[in-house]
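Undergrad: Below is the structure I would like to discuss, written out as structure tokens.
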Amino acid sequence: MSEHIYKVVELVGSSTVSSDDAIKNAIERAAKTLNHLNWFEVVETRGHIADGKLAHFQVTLKVGFRIED
């Protein structure tokens, strides 16, 4: 078994639909430019309120990806 090295980046995803959708948006966008995405960890969840109503969900993620050999 080879030993892998990972890099961790922090992303913030947003969505008007749900926190799960915010996570999905962040990961799918990162996957367009980062290879070998392996895992994520939610480190913060927050939202934006406008006119007394929920306007956006915002989720901060740590995303790990394997560095190529």
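Undergrad: Among VAL59, VAL12, VAL43, which one shows the highest mean-square fluctuation when the chain is modelled as a Gaussian network with alpha-carbon springs under 10 Å?
TA: VAL43
Undergrad: Next question, about the same structure. Give me the distance in nm between label points sitting 7 Å out from Cα along the Cα-to-Cβ direction at ASP69 and ALA55, one decimal.
TA: Distance between label points: 5.0 nm.
Undergrad: Which cross-chain or sequence-distant (5 or more) residues have an amide H under 5 Å from the amide H of GLY47, H modelled 1.01 Å from N in plane?
TA: It is GLN58, by chain and number.
Undergrad: Averaged per residue, what accessible surface does the chain expose to a 1.4 Å probe, in Å²?
TA: 74 Å²
Undergrad: Something else now. Under 5 Å between amide H atoms, partner at least 5 residues away or on a different chain: which partners does HIS36 have, H built in plane at 1.01 Å?
TA: Close amide H contacts, sequence-distant or interchain: none at all.
Undergrad: What's the longest uninterrupted piece of the chain once you rule out the GluC sites (Glu not before Pro) that are loop residues per DSSP with at most 15 other Cβ within 10 Å?
TA: Here the longest run is 4-67.
Undergrad: Carbon and sulfur together cover what percent of the accessible area of the chain at a 1.4 Å probe radius?
TA: 50 percent
Undergrad: Report the full-extension gain for the segment ALA31 to VAL43: residue separation times 0.36 nm, less the Cα-Cα distance, to one decimal in nm.
TA: Computed gain between ALA31 and VAL43 is 2.4 nm.
Undergrad: Work out, step by step, the length gained on full extension between LYS7 and LYS24: first 0.36 nm times the residue separation, then minus their alpha carbon distance; give nm to one decimal.
TA: Fully extending the segment from LYS7 to LYS24 adds 4.2 nm.
Undergrad: Also, I was wondering about something else. If you filter segment 1-64 for trypsin sites (Lys or Arg not before Pro), then keep DSSP loop positions with at most 11 other Cβ within 10 Å, what is left?
TA: LYS32
The values are calculated or read from the model by the stated rules, or taken from the named source; none is laboratory data. Bear in mind the structure is a predicted one, so any value in this text is a computation, not a measurement. So basically every Cβ, Gly included, is an ideal-geometry build from the backbone, and we count neighbours across all protein chains shown. Note: areas computed on protein heavy atoms with side chains; ligands, DNA, RNA excluded. Shrake-Rupley method; radii C 1.70, N 1.55, O 1.52, S 1.80 Å.
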